[in-house]
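Q: Quick one: this structure, given as structure tokens, is what I'll be asking you about.
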Amino acid sequence: MTDRLTVFDTTLRDGEQAPGFSMTIDEKLRLAAQLDELGVDVIEAGFPITSDDDAEAVRRIAAAVRRPVIAALARCARGDIERAGRSLAPAARPRIHTFIATSDLHLERKLRITRDACLAAAVDAVRLARRYTDDVQFSAEDATRSEMDFLCRVIEAVIDAGATTVNLPDTVGYSTPDEIAAFFTTIRTRVSGADRITFSAHCHDDLGLAVANSIAAIQAGARQVECTINGIGERAGNASLEEIVMATHVRRDRLPVETGVVTRAICATSQLLTAVTGEPVQANKAIVGRNAFAHEAGIHQDGMLKDRRTYEIMRPEDVGVRTTMVLGKHSGRHAVQKRAEELGYTLTRFELDRAYRRMIAIADRQKHVSDAELQAIIETLQAEERAAAREVETKAAITLIDHGQAEYGYGHGV
Ligand code: KIV
Ligand code: ZN
């Protein structure tokens, strides 16, 4: 049986919180419209208590984007929840997402409150949020470093208070996949009422494990993942939406879930985020990096040209891009021939050999050889061939004339 996985996008909230990624209200609106096109289920549009702009962004997104659920973040505090509720008033499908830390480290050192006070605040917040909407999400910040008995108590209490989704963040990206799987399994089996709600994973990437941990959580029964476009977010970022979605797509055999994401819109969404924030994606980033479907090595290009499945596990068109064969010093003759054909040239073996050697000579001096440069190489060598042919013809004609003159007894200078 294939379950539906809810994709909760937090690019506009957790992503936007990261240095260098802040966006204006209009930019957030553009991105929210694109996230709607992408088919995400939930857009976390902001954290209204933090600023008037954030509250206004949530309000305008809620008014304009009608299909997905629009979520607003709020601490477990009356003022936060009331502000979130007011900002979400125009939404067709509003969700209040309220959170409080549950680890002793955060309770003692940051919030300076007792476990009992934490539990009471969580319950009060969920009850208050339910006055604004039936769709209430509770997050136990730093859940993966929380003491299990206490965490289970909090989860049971917020379910009783009316939470419909319980999110268990790996706030500081500390967990490993096996731990996360055991963590979700334990909670789902121990918490009474667990079957009435959706469990959600929210993993940060401090150890580069956010996607692996999210996948482990899905395998252990989480049916919502929180993620961001290009993996942006606090510190090292959040789990990358495109990587999780494509993992569920490509590895259906391991992940019996399906999402509503229109995968063909993935790269356009990533590019829009880059354009809006001015923060580029690393070239080798999975799925959306410019090298994700680029091949330069001769052996790989040869394999690709014979059967793309040799070096591509998914079709680039499925995420909205095309394969690129980069001509460089590692490329082989097969790639040069193919690119030449695409540019409209049919090369003889002799021409191909010469074009290839000239291409390598250029690639040794610079990184890549562009289409224009390959075109120039071919045009030049074909012009040289025509000149050489004309020279041969001219020489042959002169020889003929010489022979004719010799036959009739004329000589040069006559
Ligand atoms: O990382 C985290 O714990 C969060 C919560 C507010 C959900 O972003
Ligand atoms: Zn987070």
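Derivation of every value follows stated rules applied to the coordinates shown; laboratory data play no part. All values derive from a computational prediction rather than experimental measurement. Counting neighbours? That spans all protein chains shown, and the Cβs are built from the backbone with ideal geometry, glycine included.
Q: When you look at Asp307, is it within 30 Å of Ile244 (Cβ to Cβ) and touching a residue at least 60 places away in the same chain (Cβ under 8 Å), yes or no?
A: no
Q: Would you point out the residue of the stretch 172-186, among those that are touching a Cys at 6+ places or on another chain (Cβ under 9 Å) and within 16 Å of ligand 1 (Cβ to nearest atom), that is nearest to Ile100 (Cα to Cα)? Full working, then the answer.
A: Keep residues of the stretch 172-186 that are touching a Cys at 6+ places or on another chain (Cβ under 9 Å), which gives 173, 175, 180, 186.
Checking the rest, the ones that are also within 16 Å of ligand 1 (Cβ to nearest atom) come to 173, 175, 180.
Working: Gly173: 17, Ser175: 19, Ile180: 20 Å.
Within the stretch 172-186, the match that is nearest to Ile100 (Cα to Cα) is Gly173.
Q: Further, regarding this structure: For the stretch 150-242, which fully contained strands (runs of 3 or more DSSP E) count at least 3 residues that are crowded, with 18+ Cβ neighbours inside 10 Å and within 12 Å of ligand 2 (Cβ to nearest atom)?
A: Here the list reads 165-170, 198-203.
Q: So, one more: Right, Asp135: touching a His at 6+ places or on another chain (Cβ under 8 Å), acidic (Asp, Glu) and crowded, with 17+ Cβ neighbours inside 10 Å or not?
A: The answer is no for Asp135.
Q: Could you run through the stretch 1-19 and say how many residues are more than 10 Å from ligand 1 (Cβ to nearest atom), not in a strand (DSSP E or B) and not small (Gly, Ala, Ser)?
A: 7
Q: Sticking with this one: Is it the case that the stretch 288-309 has a residue that's in contact with an Asp or Glu (Cβ under 9 Å, 6 or more places away or on another chain), buried (at least 20 other Cβ atoms within 10 Å of the Cβ), in a loop (DSSP other than H, G, I, E, B) and of a type outside the set (Gly, Ala, Ser)?
A: Taking every residue of the stretch 288-309 in turn, at least one turns out to be in contact with an Asp or Glu (Cβ under 9 Å, 6 or more places away or on another chain), buried (at least 20 other Cβ atoms within 10 Å of the Cβ), in a loop (DSSP other than H, G, I, E, B) and of a type outside the set (Gly, Ala, Ser).
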